[in-house]
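Values in this text are rule-based calculations from the coordinates and carry no lab data. Owing to the predicted nature of the structure, the values given are computational and were not obtained by experimental measurement. Cβ coordinates were reconstructed from backbone atoms using ideal geometry, including for glycine residues, and neighbour counts include every protein chain displayed.
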Amino acid sequence: MARRTTKSPPPDDDFEERILDIDVVDEMKGSYLEYAYSVIYARALPDARDGMKPVHRRIVYQMNEMGLRPDRGFVKCARVVGEVMGKLHPHGDASIYDAMVRMAQPFSQRLPLVDGHGNFGSLDDLPAAMRYTEARMSGPAQLMVESIDEDTVDFAPNYDGQEQEPDVLPAAYPNLLVNGSSGIAVGMATNMAPHNLGEVISAARHLIRYPNADLDALMRHVPGPDLPTGGRIIGLSGIRDAYETGRGTFKIRATVSVEDVTPRRKGLVVTELPFTVGPEKVIAKIKDMVGAKKLQGIADVKDLTDREHGLRLVIEIKNGFNPEAVLEQLYKLTPMEDSFGINNVALVDGQPLTLGLKELLEVYVDHRFTVVRRRCEFRRTKRRDRLHLVNGLLVALVDIDEVISIIRASENAAQAKERLMERFGLSDIQTQYILDTPLRRLTRFDRIELEAERDRLNEEIAELTRILESDAELRKLVSGELAAVAKKYGTERRTVLLESAGAPVSAVPLEVADDPCRVLLSSTGLLARTGLDDGADGSDSDTGKGSGSSKRAKHDVVVSAVPTTARSDIGVVTSTGRLLRLTVIDLPMLPDTVGPPSLAGGAPLTEFLALDDGERALCLTTLDESSPGLALGTAQGVVKRVVPDYPPNKDDLEVIGLKEGDTIVGAVELRTGDEDLVFITDDAQLLRYPASQVRPQGRPAGGMAGIKLADGAQVISFTAVDPAVDAVVFTVARSEGTLDGATEGTAKLTPFDQYPRKGRATGGVRCQRFLRGEDGLVLAWAGAAPARAATSTGTPAELPPKDPRRDGSGVPLAKPVAVVAGPV
């Protein structure tokens, strides 16, 4: 075992040799624990009561002692730093000035405690030296030390015992939650997000009124952090975790709008960045990504930030690129989206604890109860002392002539004092006060004033006693004082809260109007919403050739569309029989266009819904329970009409009980209930019958027989067609060649009225005659004309001309077709 020994001193007759053997392990353990405790308690972690570390507390207290109140002039920061360092904080001036600067930066604290004058830096630049800058207390800082001279908090000696400093500040508002904190101690760290003053005080008042309130009740007042730089918070589940356990993570996104930055070019205008992220950092990252060819579509980046307009970062987009798509790349590759990890570690009774929202509020409220109670006791004692003197003076004024006579007849002041006490029954303090009172205070008018003061003091003492003896009155007083602070210094929320990353709009209800719109699903799986006035069919004529118009763009084949409103929910029916709820407000909004909408600005469906392997989205549906409901068709020939019963509290519903190995091939929301249901099988059989022949069933039901299948055959298409409109049937016979999952073969486009109605569960009629080498259909569709086709990548594809023969053969396709849809 390694040991440390002291050197033996020189022999001395008067010196007794003492050599101590100390275990190095014990010495290191003890010394390190002392160091760790010092860092935790005296440097890195804030107190849960006033939300301050020692250096911040000393700065605010010393500025108050120096009289640097908001109504006074500014003084050099170097003077403040010198006073704090010399009297209270035995550390370097740099650490004090850095803390002071942060307290003055509006982008660092939600409610700055220092009113700075000069260059206090930015997110990208350092502040000026302390000899150039000036400061004084802000209004909120004065509230932190309000009534500190009324015995509201305990004081302790400073580092050299020559001064006194407060252990904690009275804190008229929950500073820890409002301004947050960050620090790294030994073996632990804290990282707390700022919040809105009005929301935090509202939650504290609710907790005062209802001490047993749960987290859900408090989160109705404090839904999430409110960062000084604004932005958009994504991931409310992480915030709830933090409020419940003290630890959680959420993402912050920049606030961006799409504007015309030049007459011919659009741009992304950034007005708010994530907390602690500066524009220079974003610009540098964008340039690096563009140079590495990882970021495309950006023409230029300009920082137009100024004092008048605030942050304004303009990102110009090249022509031909969609701004929303570029923005998604920016979120993924640059600091325009950043993570914030909450770790609510604070000192409670000198011990570091991880606290949730309720615990933080409880610690503060209890501290405020103690402060107000001690303040009331102090004020009552002061008023009682004053009342004691006033009563004594009034006794003397009743017989002022005798008082004067006794004083004149006394040999000295001590004899006068003794004789007055004996004659009038006064206390020592009262008698001394009478002797010290000038004769000019003994007039008749002064007596009236003293009687009025006595009555006022009695009322104030009674009021203070009532507060101290009643817990309800104490709570009412604390709650009222918090309300006054919120009214004076409360501001509107700056940070918008979003449920998920796919929601580019605020979760606050009034942020977006509940306007009518349509939700569109493209053949490539993109989702978007658009106005009800946008054209969607895009056809040039009824000839069927309109589907191949050269004006059509990639991704513009809309396979499903539903009318709804912006703040509603819709459903997505999948091939496994699930109906997944989707919030419309989360979807990107397409700009108004003339003609067919292009979903290039849409977002992939997988950003909003989690689909299983092999599961496909078939159609969109409203959740209106007054509609005729859904119609479903499966590969094994089962048909079902679903009773529209969609509980609002469930996001994942089963709409059919599928048999083992079966899957849904088609789903459609009926509009009138008078549509015809159409099955098409891979052996080229088409069955058409009215939807009224299918009885609606509840969601768990398994459906009924829809079509009679030949041995080995299966259904490849199921649709619903309104018999009152012009409709067509499109089929593609199987051939040997395939390309990118799309089918090459012979295709046929036939008028729908060529196929007669048959009964449910029958075999139907033939819809295409196979040529040599063809043994079945690989693609089929029936719906309203004109039909529109696309390849698997969304590229438009031409369809053959209409063939009036019901069972005729097809003609070769110019391009492989993967999907066909009608007007929506």
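Odds and ends about this structure:
- Mean-position separation - Cα centroids, region 419-456 and region 300-359, in angstrom: 68 Å
- Classified by the C-alpha gyration tensor, region 330-397 has a prolate form. Its axis ratio a/c, with a ≥ b ≥ c, is 1.5 or above, and a/b is larger than b/c.
- Structural descriptor for the chain: relative contact order 9 percent, calculated from alpha carbon pairs under 8 angstrom and at least 6 residues apart.
- In a reduced charge model with +1 at each Lys and Arg Cβ and -1 at each Asp and Glu Cβ, region 377-423 shows a dipole moment near 460 debye about its Cα centre.
- Within region 332-354, backbone nitrogen closer than 17 Å to the virtual label 7 Å beyond the Cα of SER182 toward Cβ: 335-346
- Note on GLU259 and PHE378: the model spin-label points, each 7 Å out from Cα along the C-beta direction, lie 5.1 nm apart.
- Annotation: for a label point projected 7 angstrom from Cα along Cα→Cβ of ALA156, residues of region 162-180 with backbone N closer than 16 Å are 162-170.
- Selection from LEU450, SER339, ILE298, by position along the positive dipole direction of the chain (Cβ): ILE298
- Overall dimensions of region 52-170 by Cα: Rg and Dmax, Å: 13.6, 43
- Signed unit charges on C-beta, dipole axis of the chain, positive-most listed residue ALA705, MET289, MET130: ALA705
- Taking a ≥ b ≥ c as the square roots of the eigenvalues of the alpha-carbon gyration tensor, region 255-335 is classed oblate because a/c is 1.5 or more while a/b is no larger than b/c.
- Each Lys and Arg Cβ is given +1 and each Asp and Glu Cβ -1; about its Cα centre, region 52-170 then shows a dipole of about 440 debye.
- Zone of ARG441's modelled label, taken as backbone nitrogen in region 388-421 under 14 Å from a point 7 Å along Cα→Cβ: 388-397
- Stretching the chain fully between GLU280 and GLU402 yields a gain of 35.5 nm (0.36 nm per residue, less the alpha carbon separation).
- Reported label for calculated Rg and Dmax of the Cα atoms in Å given (1) 34.0, 114; (2) 26.8, 86; (3) 39.9, 144: (3)
- Computed FRET value (nearest 0.05) for SER470 with LYS332, which takes r as the C-beta separation and R₀ as 56 Å: 0.45
- Crossing angle, helix 236-245 versus the chain [Cα axis fit, 0-90 degrees, rounded to tens]: 40 degrees
- Packing-based order for 612-618, 64-70, using average beta carbon neighbours within 10 Å, highest first: 64-70, 612-618
- Based on DSSP H segments of at least four residues, each scored -39500 (n - 2.57), the chain has a per-residue ellipticity at 222 nm of -9000 deg cm²/dmol.
- Efficiency of FRET between ASP753 and ALA610 - r from beta-carbon atoms, R0 45 angstrom, step 0.05: 0.60
- Net charge dipole, the chain: roughly 2260 debye, given to the nearest 20, about the Cα centre with Cβ charges of +1 for Lys and Arg and -1 for Asp and Glu.
- Relative packing of 354-362, 448-456, which averages over residues the other C-beta atoms within 10 Å, highest first: 354-362, 448-456
- Fraction of antiparallel bridges per DSSP, the chain only, in percent to nearest 5: 95 percent
- Sites GLU411 and GLU463 - FRET efficiency at Förster radius 56 Å, r taken between beta-carbons, to 0.05: 0.80
- Nearest-ten-degree value, helix 323-333 long axis tilted from longest Cα axis of the chain: 60 degrees
- Farthest positive-ward along region 66-140 dipole, Cα basis, beta-carbon charges - from ALA99, MET66, GLY121: MET66
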